[in-house]
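Visitor: Please find one structure pasted underneath; my questions will follow.
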Amino acid sequence: MKHLSIRVAWHDNGWNGTVCKEPTNNSYCLQLPRIYESKNNIEEEKIAGKSWADMTEDQLPPCKAEGAAFMSPYKWQRIFRHPYKFSKETPHSKLLDTPVEVSPYSTFSVPFNWMLGRSQQNLEEQYPSLPADDKAPFNTSWVYGEHRQREILNIFFKSIQENHSLVFFYTKSGNPIDENCRRLLIGVG
């Protein structure tokens, strides 16, 4: 049996599936690149406190990709766009956007370390039957090949047991509780 740790962005209203009450004052979420690269304080202030369940994908704040609604009592929808879709030279360019309904009190888990290229030698020592990775036609830090990705995810998640495995939610450094704390545990389920 395995447990999970899931990083979430800091939220000023209990990760309850709303836009922060004061998005401009939540500088802590800027610790995560996927947020600071697309954060728009002016637009977020217009929808401050609004439920994600009542918003379209284009209205959702960038923390949608960082678990900031894991305590939402309402279902909401997120659209996934493959990160390799940007290049017309890859098979990924033909992938369609995928809408996913997020159940109440749910979020997504990604085994980041397992999917990093720099972790592959260690994984191969533990799991020698992993399929070889395909060479990406661009620079990336991540595993590229579909078959290897699928097998890594299968191995990782097969040890998670419903009603037995624990999930530890944490936020990174730069939180209002202790700005020097590299990881702050904010919940266990």
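Taken together, the values in this text are just the output of simple stated rules run on the coordinates, not laboratory data. Here the structure is a predicted model, which is why all the values come from computation and not from measurement. Here the Cβ is made from the backbone with ideal geometry for all residues, glycine too, and neighbour counts use every protein chain on show.
Visitor: What ranking do 188, 19 get, fewest neighbouring Cβ atoms within 10 angstrom at the top?
Guide: Fewest-to-most ranking of 188, 19: 188, 19.
Visitor: Tell me, in nm to one decimal, what length is gained between residue 188 and residue 110 on full extension, where the rule is 0.36 nm per residue of separation less the Cα-Cα distance?
Guide: So the chain would gain 26.4 nm between residue 188 and residue 110.
Visitor: Relative to the Cα centre, what is the charge dipole magnitude of the chain, using +1 at the beta carbon of each Lys and Arg, -1 at the beta carbon of each Asp and Glu, and rounding to the nearest 20 debye?
Guide: With Lys and Arg at +1 and Asp and Glu at -1, about 200 debye.
Visitor: Kirkwood hydrodynamic radius for the chain: how many Å is it when counted over pairs of different Cα atoms?
Guide: 18.2 Å
Visitor: Can you list the aspartates and glutamates whose alpha carbon sits under 17 Å from that of residue 46, skipping same-chain ones fewer than 8 residues off?
Guide: Answer for residue 46, where 17 Å is the Cα cut-off: 12, 22, 54, 57, 58, listed by chain and number.
Visitor: Per Stokes-Einstein, at 4 °C and 1.567 mPa s, what whole-number D in µm² s⁻¹ belongs to the range 110-158, with the Kirkwood radius over Cα pairs as the hydrodynamic radius? Provide the component values of the computation, followed by the final result.
Guide: Numbers: Rh = 10.9 Å.
For these conditions, the coefficient is 119 µm²/s.
Visitor: Hey, with R₀ at 30 Å, roughly what FRET efficiency would residue 38 and residue 168 work out to, going by the Cβ-Cβ distance, to 0.05?
Guide: My answer for the efficiency is 0.65.
Visitor: Within the chain, what is the longest stretch that has no GluC sites (Glu not before Pro) placed in a DSSP loop and near at most 11 other beta-carbon atoms within 10 Å?
Guide: Here the longest run is 90-161.
Visitor: While we're here: Nearest 0.05, what FRET efficiency do residue 59 and residue 119 give at R0 = 41 Å with Cβ-Cβ as r? Please report the intermediate quantities before stating the final value.
Guide: Numbers: r = 35 Å, r/R0 = 0.87.
FRET efficiency, residue 59 to residue 119: 0.70.
Visitor: Continuing with the same structure: Among 126, 149, 59, which one shows the highest mean-square fluctuation when the chain is modelled as a Gaussian network with alpha-carbon springs under 10 Å?
Guide: 126
Visitor: Only Cα pairs under 8 Å and at least 6 apart count here; give the relative contact order of the chain as a rounded whole percent. Walk me through the intermediate numbers first.
Guide: Numbers: 290 pairs, mean separation 47.3, N = 189.
Value for the chain: 25 percent.
Visitor: Would you please give the residues with an amide H less than 5 Å from that of residue 187, counting only those at least 5 places away or on a separate chain, with H modeled from the backbone geometry?
Guide: 169
Visitor: Among DSSP beta bridges whose residues both lie in the chain, state the antiparallel percentage, nearest 5.
Guide: 70 percent
Visitor: Given Cα pairs under 8 Å that are at least 6 residues apart, what percent is the relative contact order of the range 110-158?
Guide: 39 percent
Visitor: I want to check the label-to-label distance for residue 130 and residue 95. Put each point 7 Å from Cα in the C-beta direction and report it in nm to one decimal.
Guide: Computed distance between label sites residue 130 and residue 95 equals 1.8 nm.
Visitor: Helix 146-158 sits at what angle to the longest principal axis of the chain, using alpha carbons and giving 0 to 90 degrees rounded to 10?
Guide: Roughly 70 degrees between the two axes.
Visitor: Which whole-angstrom value gives the distance between the alpha carbon centres of the range 1-80 and the range 85-125?
Guide: Using only Cα atoms, the two centres lie 19 Å from each other.
Visitor: Turning to a different aspect of this structure: Which shape class applies to the range 71-172: rounded if a/c is under 1.5, otherwise prolate when a/b exceeds b/c and oblate if not, where a ≥ b ≥ c are the square roots of the Cα gyration tensor eigenvalues?
Guide: Because a/c hits 1.5 or more and a/b fails to exceed b/c, the range 71-172 counts as oblate.
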